[in-house]
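Working notes, beginning with the structure itself.
Every number in this text was worked out from the coordinates using simple rules, so none of it is lab data. These numbers come from a predicted model, not from an experiment. Methodologically, a virtual Cβ is constructed for each residue, glycine included, from the backbone with ideal geometry; neighbour enumeration extends over all protein chains shown.
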Amino acid sequence: MKEQNAAGAARFSEWVTRKITAEHRAVVKETQRKRELIVAEKAKSRKKLAKQKPAPAIRHHRPRPEPAAKKVAPPRAKTPPRFALVPQESAPTSVPKPTEGAAAAAPVTPAPRVDPRISRSSLAEAEISKRLKDQVIELQDMNRSLLDIAQRAMSMAAKNAQTIG
């Protein structure tokens, strides 16, 4: 029985192998034919592409925007001239002398009454001290106004820095 089964199995496997081989050869021939057709089509398209001009090189996917026009900065504010702490001979002529401003701003007052008990030198000293006090007051007012201007300039600079930053 074992011999018959072995002989039958050999015949059966041989028949199956022949059948698979024949089918396999048919499939292989078909795929080979399709492959040749595909290769021929690609060769045609390569020839067409070779005849065409090359496409322009695209460096960017979208065009870059044109640069924006530069903003014109507003003119800088002019600071008032500083009083020079040098002798008046070397000071520029455009800077007013502190004594000129004090004389122009000082109101005209009548001459003080002369007291016979007070000497002329003490009157001169009193007049000079009064003029000096007036000049000090005027300089203090100018100093306050300059400080106000500087504070406004600093606050404007801080606002500009905040808007830019």
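Annotations for the structure displayed:
- Cα→Cβ-extended label distance, 7 Å offset, between H61 and E125, nm: 9.2 nm
- C-alpha center-to-center spacing [region 128-151, region 25-74] in angstrom: 82 Å
- FRET efficiency, I20 to A40 (Cβ-Cβ, R0 45 Å, nearest 0.05): 0.90
- Peptide ranges 47-57, 148-158 listed from the most packed, as the mean C-beta count within 10 angstrom indicates: 148-158, 47-57
- Simple label model, 7 Å out from Cα along Cβ direction - Q32 to Q162, nm: 8.6 nm
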